[in-house]
1. Taking the condition in the same structural domain as Ile299 (by TED's automatic domain parsing), more than 24 Å from Arg273 (Cα to Cα), touching a residue at least 60 places away in the same chain (Cβ under 8 Å) and surrounded by fewer than 19 Cβ atoms within 10 Å (Cβ to Cβ), does His66 pass?
2. Thr296 is checked against (1) β-branched (Val, Ile, Thr); (2) at pLDDT below 95; (3) part of a helix (DSSP H, G or I) and fails just one. What number does that condition carry?
3. Pro394 versus (1) touching a residue at least 12 places away in the same chain (Cβ under 8 Å); (2) closer than 24 Å to Met283 by Cα; (3) outside any strand (DSSP E or B): which is the lone unmet condition?
4. Consider Lys226 carefully, then state whether it is not aromatic (Phe, Trp, Tyr) and not assigned by TED's automatic domain parsing to the domain that holds Arg183.
5. For Ile23, only one of the following conditions fails: (1) within 19 Å of Ser175 (Cβ to Cβ); (2) out of contact with any helix residue (DSSP H, G or I) (no Cβ under 8 Å at 6 or more places or on another chain); (3) more than 16 Å from the ligand (Cβ to nearest atom); (4) of a type outside the set (S, T, N, Q). What is its number?
6. For Pro163, are the conditions met, namely being modelled with pLDDT of 85 or more, in a loop (DSSP other than H, G, I, E, B) and within 29 Å of Thr51 (Cα to Cα)?
7. Could you check segment 207-251 for strands (runs of 3 or more DSSP E) lying wholly inside it with 2 or more residues that are of a type outside the set (Asp, Glu) and closer than 30 Å to Asp286 by Cβ?
Amino acid sequence: MKKITVGNLQSKPGKRVYGYLDILEHPVGTVERLPVIIAQGMNVGPTLWLTANIHGDEYTGIPVIHKVINTIDLTKLKGTIVAIPTLNPAGSRVCQRHPYYDKKDPNRLFPDGNPFKDKESSDSSEVILTEKEEDLGDDLSIKTESQVEITIIQDTSEKIPNPFAKYETDDLYPSIQETIFKRLFEIIKDSADYLIDLHNAFLKSIPFVFLDRVLYNPELSDDAHKEATELYNQTEEMVKAFGLTIVRESLPKKYVAKKLHRSTSGAALNYLRIPSFTVELGMYLDVEPEVVEAATIGIYNVLTWTKMLDGEIKKLTGVRVVAESESVRYLGHPRVSKSAIIELKVKKGDFVKKGDVIAIARDIFGREIPEVGEIKTEIDGYVFMFNQGIIRYPNEEICWMAVKDNQLMIDKWPKK
Ligand SMILES: [Zn+2]
């Protein structure tokens, strides 16, 4: 039986074990820690990682993990589930998206698998960082400069060398959350065969799954495309088994620009190269019971698909599933051209056709804004989530639509 270790916690066949992974010592001496559950079946099989609440105000994944862990029959399970109900206790504690000790979006801070990421460079020299292999163990300290070899290549052009390059190279000073996730990523890497990261989207959104494109580096090997195709096919099958609406992520250039390849599931898929996806479970700030129910069945469906459980894949009920036989990707549309109070004319999950009115734009006195008035869609698609509230500034999206996608799902890493 595979032994899985997370921090001080060790898997036990046929048992659920509970513990914590220490991730950070605060300046005031208290320790930040992640709760970990390892539920191991009696029989050999793969390992599924379930993570949730990386955005501290997105709660639905927590009860979904509770439900799966508490109902799973370990005598029938083949393999292991490793669950982290919150990846961001510090954000959750204060009901905000990011941890209070690091203001960056935590879901963009997993290690960067982009082979063409810019080497940090100053005006006149290039700084190359080589990290020394080392066992991080349970050490909470972050990497110091002495653990990183720095090579500064002076530019041969006539530019003046910059003696401060190493002080100006952000890669040398990763934020604390980035450092924490780098360490967690190493732990995930040790055991994960599949990963599902649970999120919430906007207050008005149908639950859905983001299907990321698989990116590959053709310079790596002749088999790079073949490997990427296999990985994509597995991921698509897994996402289909889950059963929610599937919305394809952005095209490669935007995906990398938005650092989505550094999200939990983006890094698992495009760096670790294991089938992974992000689930958006409807509204944040609160929990919709029917969505918890559907997502729990979705995870059971994935367990069935991975053959970790016997049985049939079940259709999800109680939630809206759209675009079942189409390929769609998300697109912010339509937008407002002037500041406005908007009155929506469609509901989440609606299918709209070019020319349909999505909203009416009014001024604060309630009068229709003449140049804007009826805001119509220029594209056919499903309105699957709305930007929050009724106030809109120029160029802000009214909603996000799932529109027909015919772009490659297996594509090359974009070069700048
Ligand atoms: Zn989120």
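1. For His66, the condition - in the same structural domain as Ile299 (by TED's automatic domain parsing), more than 24 Å from Arg273 (Cα to Cα), touching a residue at least 60 places away in the same chain (Cβ under 8 Å) and surrounded by fewer than 19 Cβ atoms within 10 Å (Cβ to Cβ) - is not met.
2. (2)
3. (2)
4. no
5. Of the numbered conditions (1) within 19 Å of Ser175 (Cβ to Cβ); (2) out of contact with any helix residue (DSSP H, G or I) (no Cβ under 8 Å at 6 or more places or on another chain); (3) more than 16 Å from the ligand (Cβ to nearest atom); (4) of a type outside the set (S, T, N, Q), the odd one out for Ile23 is (2).
6. no
7. In segment 207-251, the matching strands (runs of 3 or more DSSP E) lie at 208-211, 245-248.
Residues checked against (1) under 30 Å from Asn270 (Cβ atoms); (2) in a strand (DSSP E or B); (3) charged (D, E, K, R):
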{"site": "Ile360", "(1), (2), (3)": "no, yes, no"}
{"site": "Gly366", "(1), (2), (3)": "no, no, no"}
{"site": "Ile379", "(1), (2), (3)": "yes, no, no"}
{"site": "Gln388", "(1), (2), (3)": "yes, no, no"}
{"site": "Gln407", "(1), (2), (3)": "yes, no, no"}
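The values are calculated or read from the model by the stated rules, or taken from the named source; none is laboratory data. Because the structure is predicted, anything quoted here is derived from the model rather than measured. With ideal geometry, Cβ positions are generated from the backbone for all residues, glycine too; neighbour counts draw on all protein chains shown.
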